[in-house]
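> Structure incoming, see below.
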Amino acid sequence: MIRFFSLSVFLAIAQSAHAQDKPVDALAALRQAADKAASDWDALAKGLELRIARLLPCDPTSRAAVEEVSRASDARLAALAAYLKAAVAKAKDDTESAKRVLAAQASLAGGWNTERTEADQQGASIEAQVADLKESMRKRASLAGAEQGLTEIARMVKERAGKATDLAARKDVVNALLGDLVVACQDRQTAIEKESAQLDVETARWSGYYAARLARAVTECAIVNHPSGAPPRKKLP
Amino acid sequence: MRRACLLALVAVLCLAQRARDDYRAAYTAWRKTDPNLERDASAGGAAIAQRADRMAAEAAKSAAARKAFLEGTIADQSQQTAWLENSGPGPEPAATNTKSDSQFVATESARVARTIETFSSDPDKGIQQLRQALARERTALEALGLAVADRQKSADGADLATAFIAQSRTRALEQSRAMLEGLKDASAQTAREAEAWAEYYRKLGEGVQGAATPITQVPPGVPPATLSNPAPAPPTVTPVPLARYIGAWTYPQTNAMYHGAQPEFIDVLVHEDNGRVTGTVFGRFKLPAGSTGDPVLRFDFAGDLQPTRNQVFNLLTSDGAKGTIELIPGPAFNLLEVNFQTEPKPGKIRQADVVLVKK
């Protein structure tokens with residue numbers, strides 16, 4: 001029964017570990033996509049003014065060039081948003097995992113106190129055995145070998161208690177470090193969530209900027225067609 | 001998902017507790033099987049040897065249960081260590097870097113500002129419209145610059161937290177590995193203890209065979225004491241002469257006999273006055289490697305002589321611990337067995353049984 005239960009728990013954990021690998025791969029793919037989209041936009045954005053400078057203000061290619069960069073910007077922001085959304089999910093998983101490890105490690109580390117107590121109790125019990133055996137040795141010297149063996153066992157148990165004491169002392173250290181790890185994971189998750197929310201705001205700002213840039217192109221064309229700024233005359237029939 | 005993980009964790013912890021309970025039950029069963037074996041061993045005989053065999057079997061069961069518990073705990077600890085080694089958050093990728101955005105905003109802002117400046121004093125209505133369009137573009141770039149800066153702050157926060165995670169994880173991993181090594185060591189030690197218990201019960205079984213003989217036999221190489229100038233012994237209540245107790249006694253450096261803590265040296269002085277004995281014991285004992293205990297022991301004892309061969313007196317150590325000392329005349333005139341026990345004091349020698357020779 002215990003073995004079946006143990007096997008079930010092991011399989012559940014193994015399945016969870018396997019499932020965790022997939023988001024990491026997906027995250028890497030999203031990051032690559034975001035990097036490529038950002039690189040595409042960067043190249044178009046840097047070359048925009050040079051391209052437009054060679055065109056007449058009302059050349060339709062000029063307006064199309066601005067719109068192309070604007071679309072590239074939208075694409076790279078969408079790719080970055082998808083990546084950040086996945087990064088937030090991964091950061092949440094990391095935080096939850098760190099919390100689980102903290103809880104499990106605290107329990108395991110606490111076991112060393114139990115180990116020490118048990119070793120001390122066993123040591124006391126063996127000392128009583130040694131005392132009894134010594135009494136018996138008064139009548140039976142042939143028990144000397146057994147007495148030496150029991151004394152050696154007492155030494156081993158004492159040594160075990162000492163090691164358990166050393167490791168029990170590490171309990172607070174490891175708990176504090178894992179507590180720090182949980183806090184740092186939580187901070188990281190919060191920072192990425194904030195970054196994701198700020199990207200939404202930034203996306204709106206980019207749209208506003210490209211709208212303004214396009215409006216300038218329209219204005220430049222209008223000035224060329226109507227230099228005085230007067231409204232265009234109606235075509236004569 | 002979170003609830004499922006929590007349930008899995010609780011299940012693992014319950015399993016660990018159950019395994020510990022299993023080996024505790026096996027240990028308790030072993031210890032309760034024959035608690036008087038050592039006390040009864042002096043009687044000797046095949047029955048005692050059989051009892052030792054039974055205890056050996058119970059000890060083996062207990063060791064196996066403990067080993068199983070430790071192996072399960074090692075598996076749990078290995079999972080924690082593996083997560084810290086492999087599955088923790090990695091460094092923040094470059095996709096969240098806003099350097100290109102910031103550069104773009106800075107370049108375009110400068111370009112727009114220069115153009116606005118160029119047209120600043122142009123009265124042409126069309127140019128004024130263009131300047132207004134440029135001003136709106138500049139406003140959009142300013143708002144964009146602030147948004148990019150805000151996102152960079154959050155990205156910096158994520159980077160900082162990631163660096164802190166790496167530090168904490170490295171240090172926690174070090175502790176986790178130490179715990180894992182400790183568990184593996186405990187498991188190996190359990191195997192060694194199991195072997196030692198098996199050997200102990202085997203020796204006990206052997207030791208109870210044959211006729212009984214006391215421990216205070218003349219050790220090989222110790223010459224029997226002879227009095228070169230014999231004098232009449234003083235009257236005493238003891239069944240053996242007072243000289244068998246009083247005087248200066250020391251621990252021989254060769255052919256020494258002891259049980260319990262091994263002495264490096266022991267000096268015992270025993271005086272007698274009108275049937276009352278006073279004495280001092282000063283000794284130093286060998287401690288196990290790594291022990292931080294006090295190897296030195298000093299105590300005084302006193303009491304009235306009794307009409308028995310073995311004399312028992314109360315003692316008081318220099319640390320204030322009480323106890324008893326038993327002086328047992330050896331088979332030879334120049335040998336004295338000294339057996340003492342004190343109250344337990346942390347790090348102090350509390351019992352020994354040694355055979356001393358007269359100085």
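Nothing in this text is a laboratory measurement; each read-out follows from the coordinates by a stated rule. Everything numeric in this text was worked out from a predicted model, so none of it was measured. Note that we place each Cβ from the backbone using ideal geometry, even for glycine, and neighbour counts take in every protein chain shown.
> Kindly put B:Ile325, B:Ile127 in sequence by how many other C-beta atoms sit within 10 Å of each C-beta, fewest to most. Walk me through the numbers before you get to the answer.
On the way: B:Ile325 23, B:Ile127 18.
Fewest-to-most ranking of B:Ile325, B:Ile127: B:Ile127, B:Ile325.
> Additional query: R0 = 35 Å: FRET efficiency of B:Ala166 with A:Asp200, Cβ-based, nearest 0.05?
Details: r = 29 Å, r/R0 = 0.83.
E(calc), rounded to 0.05, equals 0.75.
> Give the cross-link partners of A:Lys85 among the lysines, using a straight C-alpha distance below 21 Å as the criterion and excluding same-chain residues fewer than 8 apart.
Answer for A:Lys85, where 21 Å is the Cα cut-off: A:Lys22, A:Lys36, A:Lys194, B:Lys99, B:Lys153, listed by chain and number.
> At B:Asp53 and B:Glu199, where each label point lies 7 Å from the Cα along Cα→Cβ, what is the point-to-point distance in nanometres?
2.2 nm
> Determine which lysines satisfy two conditions relative to B:Lys286: a Cα distance under 19 Å, and not lying fewer than 8 residues away in the same chain.
Excluding near neighbours in sequence, the set is A:Lys158, B:Lys345, B:Lys348.
> I've got another one for you. Given points 7 Å out from each Cα along the Cα-Cβ axis, report the B:Ala106 to B:Arg298 separation in nanometres with one decimal.
Going by the 7 Å Cα→Cβ label model, 7.8 nm.
> Classify segment A:24-225 from the C-alpha gyration tensor, please: rounded if a/c falls under 1.5, else prolate or oblate depending on whether a/b exceeds b/c.
Numbers: a/c = 8.26, a/b = 5.66, b/c = 1.46.
In terms of gyration-tensor shape, prolate.
> Please report, to one decimal in angstroms, the Kirkwood hydrodynamic radius of segment B:242-358 built from all distinct Cα-Cα pairs.
Values: mean 1/r = 0.0699 Å⁻¹.
Across segment B:242-358, the inverse of the average 1/r is 14.3 Å.
> Moving on to the next point. Within 10 Å of each Cβ of A:39-46, how many other protein chain Cβ atoms are there on average?
So the per-residue partner count for this stretch is 2.
> A:Glu68 versus B:Thr115, label points 7 Å from Cα toward the beta carbon: distance in nm?
1.8 nm
> How do B:Phe285, B:Phe265 line up, fewest other C-beta atoms within 10 Å first? Show your work: numbers first, answer last.
Numbers: B:Phe285 20, B:Phe265 12.
Ordered by Cβ neighbours within 10 Å, fewest first: B:Phe265, B:Phe285.
> Note the full-extension length gain between A:Asp59 and A:Glu152 as 0.36 nm times their separation in residues minus their Cα-Cα distance, in nm to one decimal.
Numbers: separation 93, 0.36 × 93 = 33.48 nm, distance 9.81 nm.
So the chain would gain 23.7 nm between A:Asp59 and A:Glu152.
> Still on this model: Normalising by the residue count of segment B:242-358, find the relative contact order in percent from Cα pairs under 8 Å and 6+ residues apart. If you can, show how the numbers build up before the last one.
Numbers: 277 pairs, mean separation 29.9, N = 117.
Answer for segment B:242-358 is 26 percent.
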